[in-house]
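Undergrad: This is the structure I have questions about; it appears just below.
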Amino acid sequence: MAPTDLQNQTNSIVWCLFDDQAGCLETDCIGDEDGFDPVKIASKLREIGDDYDEKRIQPLIKCLEQAASDQMVSAFSSSVESLCQSWVVQRSEVASEKDLLKASVAVALYVKKNCPDIVDTVQGAMAAFLNTRLANWVASQGGWDNAISC
């Protein structure tokens, strides 16, 4: 899978993750000839990210709310890494890419639910984070379908 294809797929998945409107609730019109379906992947990511503790995320969101638009990717990345690190400390393990994915989705879902004024900026920051921090891992898993299954 070419990096550009993976980046486009990631952007589509993030868009669907944040979109509750008809555009991403219908699976008939989205997808490609390879069977890639961003709606199904976004739905699976929602399941992964729904298991979060709001008390751990709330302090991180203040950083996002105070970040300027051009600083949002860095603020999002720091928030995800901090949340992920708190989980890892509890388990005495090294953070995995799956942990980073779960943390990024948890932060995104919290923002979507509680901070509508920064949703668009965080959506872009999440796509950038996934495309820079997790793209190689997703590619090594054989694409998004396999990455969310492991």
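Undergrad: Is it the case that Leu109 is modelled with pLDDT under 90 and open to solvent by less than 50 Å² (accessible area, probe 1.4 Å)?
TA: no
Undergrad: Which one is modelled with the highest pLDDT, of the residues in segment 76-96 that are under 17 Å from Pro59 (Cβ atoms), over 14 Å from the mean Cα position of the chain (by Cα) and small (Gly, Ala, Ser)?
TA: In this case the residue turns out to be Ser82.
Undergrad: I need the full set of residues from segment 135-150 which are closer than 22 Å to Met72 by Cβ and surrounded by fewer than 20 Cβ atoms within 10 Å (Cβ to Cβ), in order please.
TA: Once the filter is applied, which keeps residues that are closer than 22 Å to Met72 by Cβ and surrounded by fewer than 20 Cβ atoms within 10 Å (Cβ to Cβ), segment 135-150 yields only Ala135.
The values are calculated or read from the model by the stated rules, or taken from the named source; none is laboratory data. Because the structure is predicted, anything quoted here is derived from the model rather than measured. In this analysis, Cβ positions are derived from the backbone assuming ideal geometry, glycine residues included, and neighbour counts consider all displayed protein chains. The area values use the complete protein model at the heavy-atom level, side chains included, leaving out ligands, DNA and RNA. Shrake-Rupley method; radii C 1.70, N 1.55, O 1.52, S 1.80 Å.
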